[in-house]
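Working notes for the structure below.
Every number in this text was worked out from the coordinates using simple rules, so none of it is lab data. In this text, all values refer to a predicted model and were calculated from it rather than measured experimentally. FYI the Cβ positions are ideal-geometry reconstructions off the backbone, even for glycines, and counts take in every protein chain you see.
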Amino acid sequence: MPAYAHWLSPKLRLSSVIFLTALFLTVFDNQAFLSAVFKVVDSSGSAGNDFKIAVFISLFALFSLLLSFFASKYVFKPIVTVILLIASVISFFMDSYGVIVDLSMIQNIVETDTREATELLSFGLVRHVVLVGVLPALCLYRIDIQYHSFFKELGVRLTTIVLISMVLGGIVFQHYKNFSLIDRNNRALRYLINPNYPIYALGKYVNRALNPEIITLMPIGKDAQQLSTWKTRGKKAIVVIVVGETARAQNFSLNGYERDTNPLLSQQAVINFPDTHSCGTATAESLPCMFSDFGRGDYSDSKAKHYENLLDVLSHAGINVLWRDNNSGCKDVCERVPTDNMEKLTIAEFCNDKECFDEVLLQGLQEKIDRFNNDGVIVLHQKGNHGPAYYLRHPEAFKKFMPECTTNQVQDCPREQIINAYDNSILYTDYFLNQVISFLQKNAAHYATALLYMSYHGESLGENGIYLHGLPYKIAPDEQIDIPFILWLSPEFADHFNIDTECLKEHSSEAYSHDNLFHSVLGMLDIQTGEYDAELDIFNRCRH
């Protein structure tokens, strides 16, 4: 055997490999966790460098303890290899974008279509996974782990587990006050421990997928019916609900943003609600929530799957409902109503080889409306501002704020360029909403029309090192929760449904949320049902 062979396949005891792997996970895969904890320590003033060292050693001991439970000769390397690879992927997104991989985020990832998923792939991700995941896994594979006999190895392992547990317990006991205070006030820090919490969340998701509950759909609003006044209006009513993707309120000039990102809507008779908050921070949660009647405080994914939603109630009342999608699907919201998938069209005017711009949502819509036999509600699901490739969300004509960040690795761009690309997409949304209003105005001779626009969550653009969205709601920044909410009513619609628009303007600065959508849509169309809550209907106190 060549003399250098021991360098290529070093011989190490199992305990040494465990400690080296634990140290690697602590140093290279938990920068987000350690940075967050150290920031809390520095700001709280309740502990110093000795506590930071205690946190580091505790994390190292925790990983050593957990790896010891997998320290079997035939499963150790495969399991640790998977752990290293998973941890490397997660650490990239945590360190680069400031995201947290919890159950909601995993659901969002799984339900995202291939086109959106590929936007998250980058050279930076591949490089990071190779350096922090693949190479350490190859090194582990090359190590010739020296095991004792079965019983001796078992004894060594039990002794190691006991000693590590004593060290971990001793550190926690010595610094219990600081650990307990920080944990009590910053419980979301545990979400950042990589890969412990993400693997736990993945396990929950897999278990739920492999053991799906039998869903018995509970109908709601079967008693729904329009007030008889609709018979005397002479015109059918059309309400268009535009569901915005990833638009945050802070970047709308209607809300005081210094850039003029709403030059067209500012010329329309719109009513803007600047203090509006989302139900969640990710599509998979927030989109079903905004169409449910539970409200954020009582909402859960399980409940949403067991109960009908706003679109079902509208259908029960005899309203014609249509969902048109230019995104990755409706997350089960539109399962029981007619749906048009527009994102896969190949209309040269609005589509390129990657995707279609949101204007495609208006294609062929007139024919659909003309076939309605009663009032109609149309939901237009935008591509909107979906990141990180914001520069792809708008045509060339809307590249007003330059230079743009033209990569999906937004963390590598100057923040000004990220904001430029994002603001250009907001500018295009302004144009698209104005196009919807123009479309409705052209139908004034035959229909009383209205537009209601809401985004289902916001977006972080590098504030405090955080990008994209999806943080747990209780620690999510305002940028991910504050959303635009805009209303436009044709004069005929306001007249037919006795709505006082001046009253709406007077109350527009009050706090609103997704909780208002369900009941306001019912209220604006004079639909009576036991599910209706007048307190949450923004129109209720503004009727003649």
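Brief remarks on what is shown
- Between the amide H of Ser460 and those of Leu468, His469, distances stay under 5 Å, these residues lying 5 or more places away or on another chain, with hydrogens modeled in the peptide plane.
- Annotation: extensible slack from Asp298 through Leu227 equals 22.6 nm (criterion: 0.36 nm per residue apart, minus Cα-Cα distance).
- Sorted by Cβ density within 10 Å, fewest first, the residues Phe60, Phe372: Phe372, Phe60
- Average projection, convex hull of the Cα set of the chain: 30.4 square nanometres.
- Full extension of the chain segment joining Tyr176 with Gln366 gains 61.8 nm, where the gain is 0.36 nm per residue of separation less the Cα-Cα distance.
- Fraction of beta bridges assigned by DSSP in the chain that are antiparallel (%, nearest 5): 35
- Each of Gln31 and Asp183 was given a label point 7 Å from its Cα along the Cα-to-Cβ line. The distance between the two points is 2.8 nm.
- Estimated FRET transfer efficiency (Asp260, Ile347; beta-carbon r; R0 22 Å; 0.05): 0.15
- In terms of other Cβ atoms within 10 Å, His386, His381, His394 run from fewest to most in the order His386, His394, His381.
- With the simple model of a label 7 Å out from the Cα in the direction of the Cβ, Arg543 to Lys204 spans 4.1 nm.
- Annotation: extensible slack from Ile53 through Ala534 equals 167.6 nm (criterion: 0.36 nm per residue apart, minus Cα-Cα distance).
- Counting other Cβ atoms within 10 Å as a rough exposure proxy, the listed residues Ser278, Ser460, Ser508 run Ser508, Ser460, Ser278 from fewest neighbours to most.
- Residue-averaged 222 nm ellipticity for the chain, from DSSP H runs of 4+ at -39500 (n - 2.57), nearest 500: -13000 deg cm²/dmol
- Each label was represented as a point 7 Å from its Cα along the Cα-to-Cβ direction; for Leu154 and Tyr74 these points are 1.6 nm apart.
- Computed over the alpha-carbon atoms, segment 358-494 gives an Rg to Rh ratio of 1.05, Rh here being the Kirkwood radius from the mean inverse distance.
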